[in-house]
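Colleague: Below are the structure tokens for one structure; questions will follow.
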Amino acid sequence: MSILLRNLTRLTLISLVFSSQALAHPSQNFDAEFAVRLMGFNVGTVEQKMRCQADTCTLTSEAEPPRWARRFINESTFETSQILTENNQFRWLSYHKDLTRRHSKQTIQIETDLIADLENDRIHFPQKDRSWPASPYAYDTMTIAYALQFYALNGDPTPPLVLQEEKQQTHVKFNVANQATRTHLNYKSNLKARYYEWTTDTQEIKVWLIDELNFFPGRIEVNNTQVKRRVVLSLDAPPHFQ
């Protein structure tokens with residue numbers, strides 16, 4: 001009888017482990033809207049979406065300042081990232097940005113691509129003919145917050161993240177990682193969150209993952225220390241999961 005009980009207990013524990021792993025995956029399809037504050041002023045919203053087919057997910061972000069705010073912000077962006085989620089991984093594949101910059105006498109369109117070449121272990125920036133070493137934990141500036149969500153949900157230690165930007169590649173060294181705290185969003189105050197913070201040569205980046213929203217990145221702050229420009233994204237409402 002004792003052997004049977006031990007076997008049943010073992011099977012129960014295995015079942016619980018696999019059940020928790022299944023529940024740990026984020027709800028991959030979502031729609032979210034963030035309020036944007038620039039230098040302390042509300043300057044519009046950013047809409048982000050995730051859509052997945054099989055193991056490939058597409059994350060998009062659209063930022064179009066309202067007409068009244070264009071005296072402060074002369075740029076609008078549409079960004080797209082491709083992510084591979086097979087084998088319990090969150091692997092970044094590519095990033096594309098369409099930037100529209102408006103001036104009094106002309107409008108400039110700029111395209112940017114960052115592409116992970118998995119076969120040759122390189123990340124390419126074709127517009128400037130530049131490349132960097134690849135990493136399984138490399139992410140663009142839009143995707144990295146959702147990578148933090150993925151690892152937090154799965155209960156994994158935060159891996160050695162790499163922030164891939166147009167001009168540089170930075171190995172993230174956290175000042176703070178996965179610290180329990182509370183934060184305020186645009187629609188609700190005093191929410192439990194996990195806090196992350198790191199700095200680069202030019203930026204200070206802060207991310208709050210909200211406990212009650214499956215660790216969804218509800219607040220993101222990017223402070224450009226060179227030009228003293230601080231941008232804050234804060235959820236305007238709970239994200240809609242599909």
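Bear in mind that the values in this text are calculations on the coordinates, not laboratory data. If you're wondering where the values come from, they're calculated on a predicted model, not measured in any experiment. Glycine also receives a Cβ, built like all others from the backbone with ideal geometry; neighbour counts cover every protein chain displayed.
Colleague: Got the relative contact order for the stretch 99-242 handy, in percent, Cα pairs under 8 Å and 6 or more residues apart? Working shown, then result.
Modeller: Working: 257 pairs, mean separation 18.6, N = 144.
About 13 percent, as a whole number.
Colleague: Could you tell me how many degrees, from 0 to 90 and to the nearest 10, lie between the Cα long axis of helix 2-24 and the main elongation axis, the longest principal axis, of the Cα atoms of the chain?
Modeller: 10 degrees
Colleague: Measuring from a point 7 Å past the Cα of V231 along Cα-to-C-beta, which residues in the stretch 134-164 have an amide N at less than 11 Å?
Modeller: 141-142
Colleague: By how many degrees, between 0 and 90 and to the nearest 10, does the Cα long axis of helix 144-153 differ from the longest principal axis of the chain?
Modeller: Roughly 10 degrees between the two axes.
Colleague: Give me the percent relative contact order of the stretch 59-162, please, defined on Cα pairs under 8 angstrom at least 6 residues apart.
Modeller: Working: 167 pairs, mean separation 17.5, N = 104.
The normalised contact order for the stretch 59-162 reaches 17 percent.
Colleague: Do me a favour and compute the ellipsoid semi-axes for the stretch 143-188 from its Cα gyration tensor, root of five times each eigenvalue, largest one first, whole Å.
Modeller: Calculated on Cα positions only, the semi-axes equal 22, 15, 11 Å.
Colleague: Where a ≥ b ≥ c are the square roots of the eigenvalues of the C-alpha gyration tensor, would you call the chain rounded, which needs a/c under 1.5, or, failing that, prolate if a/b is larger than b/c, or oblate? Mind showing how you got there, number by number?
Modeller: On the way: a/c = 2.10, a/b = 1.57, b/c = 1.33.
Note, shape of the chain comes out prolate.
Colleague: Run the helix sum for the chain: -39,500 (n - 2.57) per DSSP H stretch of 4+ residues, divided by residue count, reported at 222 nm to the nearest 500 deg cm²/dmol.
Modeller: Working: 2 runs with 33 residues, N = 242.
It comes out at -4500 deg cm²/dmol, rounded to the nearest 500.
Colleague: Using 7 Å Cα-to-Cβ label points, what is the K173/N29 separation (nm, one decimal)?
Modeller: 4.3 nm
Colleague: Relative contact order (percent) for the chain, with alpha-carbon contacts under 8 angstrom and 6 or more residues of separation?
Modeller: RCO, the chain: 16 percent.
Colleague: Filter the trypsin sites (Lys or Arg not before Pro) in the stretch 114-213 down to the DSSP loop ones having no more than 16 other Cβ atoms within 10 Å, then list what survives.
Modeller: On the way: sites: R122, K128, R130, K167, K173, R182, K188, K192, R194, K206; in loops: K167, K173, K188.
In loop regions of the stretch 114-213 (DSSP not H, G, I, E or B), the sparsely surrounded trypsin sites (Lys or Arg not before Pro) are K167, K173, K188.
Colleague: Now for a separate question. Using every pair of alpha-carbon atoms in the stretch 43-124, split the distances into 5 Å bins beginning at 0 and state the percent of pairs per bin, rounded to integers.
Modeller: Pair shares across the bins are 3, 13, 19, 19, 16, 12, 9, 6, 3, 1, 0.
Colleague: On to the next question. Might you report the magnitude of the Cβ-based charge dipole of the stretch 2-241 about its Cα centre, with Lys and Arg at +1 and Asp and Glu at -1, to the nearest 20 debye?
Modeller: With Lys and Arg at +1 and Asp and Glu at -1, about 800 debye.
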